[in-house]
Amino acid sequence: MPLLSKCFNCRIQLPEGSNHLQCPKCEKNEKKYGKPVTCQYCKLNAAFHDQKCVWCSDSERKFGNPYECTNCKLTCAFPRRESDKNDDVAKLCRVCIMQARQTNQTVVAGIPVPPNRKDRSREGSSSEHRDDRHRRDSSRRRKERTEHHKSGDKRHRDQDYKDRDRAKRRHHDEPIKNGSSGVPPLAPNNENGNGLPLFGGRDNGENMEKQQRMEEEIRRLKAQLAEKEVMIFDKDKEISNLKADKYNLEKKHRERVQQLVKEKEESIRAIELMRNSKSAKKN
């Protein structure tokens with residue numbers, strides 16, 4: 001069983017069956033730059049360089065400054081189109097879009113979720129695949145019909161020979177069979193009159209009932225999984241916000257300490273200047 005389904009840092013979906021806590025990109029960046037800090041835009045613990053995660057840094061370089069996400073209210077949405085680059089247009093950030101795709105949501109905060117890049121390419125090439133498959137199926141059906149006609153003619157001829165031979169034997173053995181005791185025919189035991197159980201009996205009904213119960217259980221588990229994913233996402237966002245607040249407080253504290261040290265050094269220099277001026281007057 002994999003430990004996590006998403007990368008611990010950037011929250012991207014990990015490959016199925018992976019036992020790692022990070023995606024390959026975050027593992028490589030951690031080896032190169034060290035432990036990450038909180039990204040100043042998306043607030044994820046994935047900033048390996050310049051206080052920005054790889055996704056926000058690349059998006060800022062390609063599309064410009066970020067805008068506020070309508071869903072999470074963080075300034076981490078990077079619209080691609082120029083018409084969307086104003087505060088009046090509703091926008092979604094990468095993390096909210098990724099979370100919506102994983103929970104099969106099509107609309108978030110009243111905004112349609114853009115389809116995945118793989119889905120778009122798959123839709124574009126589906127018509128070609130359907131045409132190829134149709135041509136292969138048509139060729140296969142023509143071949144099967146030809147073989148079926150050939151085999152049907154052969155079976156018809158063989159059956160004629162067998163029927164003639166059987167009629168001759170029956171005509172020859174008929175006096176013997178009339179003198180022997182016959183076997184009573186199979187008595188029908190149900191409505192179809194052939195002594196066989198009806199199609200779709202109790203076993204089929206039980207299987208359908210079991211299948212319905214299993215489908216309901218699968219739907220219930222999927223709904224629980226979606227709720228857990230949302231809870232984990234909210235917790236991650238809360239942790240990221242707390243880390244960002246901690247980072248800001250530590251930064252302000254360092255700046256205050258540096259300011260006090262600077263003021264102290266300036267006071268010491270002023271006192272030394274006063275002493276030097278007094279000693280110069282006495283001399």
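The values are calculated or read from the model by the stated rules, or taken from the named source; none is laboratory data. Nothing here was measured: the structure is a model prediction, and the numbers come from that model. All Cβ positions, glycine included, derive from the backbone under ideal geometry; neighbour counts span all protein chains shown.
In table form, for the structure just shown:
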item: Odd one out for K43, checked against (1) closer than 25 Å to K251 by Cα; (2) without any contact (Cβ under 8 Å) to a residue 24 or more places away in the chain; (3) basic (K, R); result: (2)
item: Residue, surrounded by the most Cβ atoms within 10 Å (Cβ to Cβ), within segment 51-69, restricted to residues that are free of Cβ contacts under 8 Å to residues at least 40 places away in the same chain and closer than 17 Å to K243 by Cβ; result: C56
item: Single residue of segment 50-100 satisfying the filter (among the β-branched types (V, I, T) and not in a helix (DSSP H, G or I)) that is farthest from V37 (Cα to Cα); result: V89
item: Looking only at segment 91-118, and only at residues there that are among the aliphatic types (A, V, I, L, M) and surrounded by fewer than 17 Cβ atoms within 10 Å (Cβ to Cβ), the one that is modelled with the lowest pLDDT; result: A109
item: Qualifying residue in segment 78-98 (condition: within 22 Å of the chain's Cα centre (by Cα), charged (D, E, K, R) and more than 14 Å from I12 (Cα to Cα)); result: yes
item: Test: residue in segment 23-32 that is touching a residue at least 40 places away in the same chain (Cβ under 8 Å), part of a loop (DSSP other than H, G, I, E, B) and surrounded by 18 or more Cβ atoms within 10 Å (Cβ to Cβ); result: no
item: Test: residue in segment 54-63 that is under 25 Å from the mean Cα position of the chain (by Cα) and among the charged types (D, E, K, R); result: yes
item: Matching residues, segment 46-69, being in contact with a Ser or Thr (Cβ under 8 Å, 6 or more places away or on another chain) and hydroxyl-bearing (S, T, Y); result: Y67
item: Looking only at segment 213-240, and only at residues there that are acidic (D, E) and under 28 Å from K43 (Cβ atoms), the one that is nearest to the chain's Cα centre (by Cα); result: E229
item: C10 vs. criteria free of Cβ contacts under 8 Å to residues at least 40 places away in the same chain and either of a type in the set (A, V, I, L, M, F, W, C) or under 25 Å from D234 (Cβ atoms) (or both); result: no
